[in-house]
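Enquirer: Can you read through this structure? Questions will come right after.
The values are calculated or read from the model by the stated rules, or taken from the named source; none is laboratory data. Note that the structure is a prediction, hence the values are computed from the model and not measured. No Cβ is skipped: glycine too gets one built from the backbone with ideal geometry, and neighbour counts run over all protein chains shown.
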Amino acid sequence: MSTVQNLRTFLFYLLLACTSFFWCTLSVFIAPFLPFRARYRFVVQNWCRCATWLGKVVVGINYEIKGLENIPEQPCVILAKHQSTWETFFLCGYFAPLSQVVKRELLYVPFFGWAMAMLKPIAIDRSNPKAALKQLAKLGHKRLGQGAWVLVFPEGTRIPPGQIGKFSRGGASLAVNANLPVLPIAHNAGEFWPKQGWKKTPGTVQVIIGPPMYAEGTGPRAIAELNERAFAWVSQAQRDIGSLEAQEPA
């Protein structure tokens, strides 16, 4: 990475930290008095859009979206590829209001965690997978009923470009039980904003939004089939944008 790009990356993180502190501090004092939708727009949507904007103008990470016509009017379960932090900013800024699955420990972080707690996240205990699935099912169904999108990264963790992890069935199960579709999303953000290190590479993130997928029936078999269908679509979309090698799932 060139010296100029190093300086731009440093400036990006400095500005991101400053805006994060400002937004979270302000939100702690203002957000409690706002209804949920206005609170989400004020706390999350504006800041996440600011973060993606900083990524664009400071370090040169632009993006293109295909498949906007596939977004249903009624919020549903989003099953997105997970490669970096960029897609978290983008998705939280684009879909509103949105409830995201987060580690419970994040809610204890001063200011940042306090602000997050007011946004109705689905906070799970990752050290207890069975309990985490029950929390996702209970809170996810509640958030969908409140008219919020539910973002699930079915791989569970960030997977580097060129690979794809096995999809957990939690998101598909949530959609089937709520009688709603899943909305699959593929992208290659990890090529420009990698999982490890602080390096940022200029380029254009390709975001592809797939068609809403409904389960064919109910029960465990329908959940498994829907999950496999979403996995197959995301896998093919990743190959189409050159972000998945020809290999078996990790």
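For (1) without any contact (Cβ under 8 Å) to a residue 24 or more places away in the chain; (2) at positive phi; (3) in contact with a His (Cβ under 6 Å, 6 or more places away or on another chain), each residue gets a yes or a no:
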residue	(1), (2), (3)
G203	no, yes, no
P212	no, no, no
R221	yes, no, no
E225	yes, no, no
A230	no, no, no
W233	no, no, no
A237	no, no, no
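Enquirer: Within the bounds of region 92-104, is there any residue that is touching a Lys or Arg at 6+ places or on another chain (Cβ under 8 Å), modelled with pLDDT of 90 or more and assigned to a loop (DSSP other than H, G, I, E, B)?
Expert: Yes: region 92-104 contains one or more residues that are touching a Lys or Arg at 6+ places or on another chain (Cβ under 8 Å), modelled with pLDDT of 90 or more and assigned to a loop (DSSP other than H, G, I, E, B).
Enquirer: May I ask you to list the residues in region 13-60 that are among the basic types (K, R) and out of contact with any strand residue (DSSP E or B) (no Cβ under 6 Å at 6 or more places or on another chain)?
Expert: Here is the first cut: in region 13-60, the residues among the basic types (K, R) are 37, 39, 41, 49, 56.
Residues satisfying the conditions are R37, R39, R41, R49.
Enquirer: Follow-up. Only one of these is surrounded by fewer than 21 Cβ atoms within 10 Å (Cβ to Cβ), farther than 15 Å from V77 by Cβ and modelled with pLDDT of 80 or more: K120, K134, K142. Name it.
Expert: Working: K120 fails: modelled with pLDDT of 80 or more; K142 fails: farther than 15 Å from V77 by Cβ.
Residue meeting the stated conditions: K134.
Enquirer: Any chance region 195-202 includes a residue that's of a type outside the set (A, V, I, L, M), buried (at least 19 other Cβ atoms within 10 Å of the Cβ) and either modelled with pLDDT of 95 or more or outside any loop (DSSP other than H, G, I, E, B) (or both)? So that I can check it myself, show each step before the final result.
Expert: Let us first name the residues in region 195-202 that are of a type outside the set (A, V, I, L, M), namely 195-202.
Those still in the list that are buried (at least 19 other Cβ atoms within 10 Å of the Cβ) too: 200.
Going one step further and asking which of them are either modelled with pLDDT of 95 or more or outside any loop (DSSP other than H, G, I, E, B) (or both), we end up with none.
No.
Here's the yes/no breakdown for (1) in a helix (DSSP H, G or I); (2) aromatic (F, W, Y); (3) surrounded by 15 or more Cβ atoms within 10 Å (Cβ to Cβ); (4) within 18 Å of the chain's Cα centre (by Cα):
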position: F10; (1), (2), (3), (4): yes, yes, no, no
position: V43; (1), (2), (3), (4): yes, no, yes, yes
position: W47; (1), (2), (3), (4): yes, yes, yes, yes
position: G55; (1), (2), (3), (4): yes, no, yes, yes
position: I78; (1), (2), (3), (4): no, no, yes, yes
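Enquirer: Against the definition (at pLDDT 95 or above and over 14 Å from the mean Cα position of the chain (by Cα)), how does G113 come out, yes or no? Break it down into steps so the answer makes sense when it comes.
Expert: On the way: at pLDDT 95 or above: no; over 14 Å from the mean Cα position of the chain (by Cα): yes.
The answer is no for G113.
Yes or no, residue by residue, for (1) surrounded by fewer than 23 Cβ atoms within 10 Å (Cβ to Cβ); (2) outside any strand (DSSP E or B); (3) within 17 Å of the chain's Cα centre (by Cα):
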{"position": "P154", "(1), (2), (3)": "no, yes, yes"}
{"position": "S168", "(1), (2), (3)": "yes, yes, yes"}
{"position": "G171", "(1), (2), (3)": "no, yes, yes"}
{"position": "G190", "(1), (2), (3)": "no, yes, yes"}
{"position": "L226", "(1), (2), (3)": "no, yes, no"}
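Enquirer: Residue by residue through region 210-235, note down the ones that are within 14 Å of I164 (Cα to Cα) and of a type in the set (V, I, T).
Expert: V234
Enquirer: Given the conditions (1) under 19 Å from W149 (Cα atoms); (2) part of a loop (DSSP other than H, G, I, E, B), which single one is not true for S84?
Expert: The single condition S84 does not satisfy is (1).
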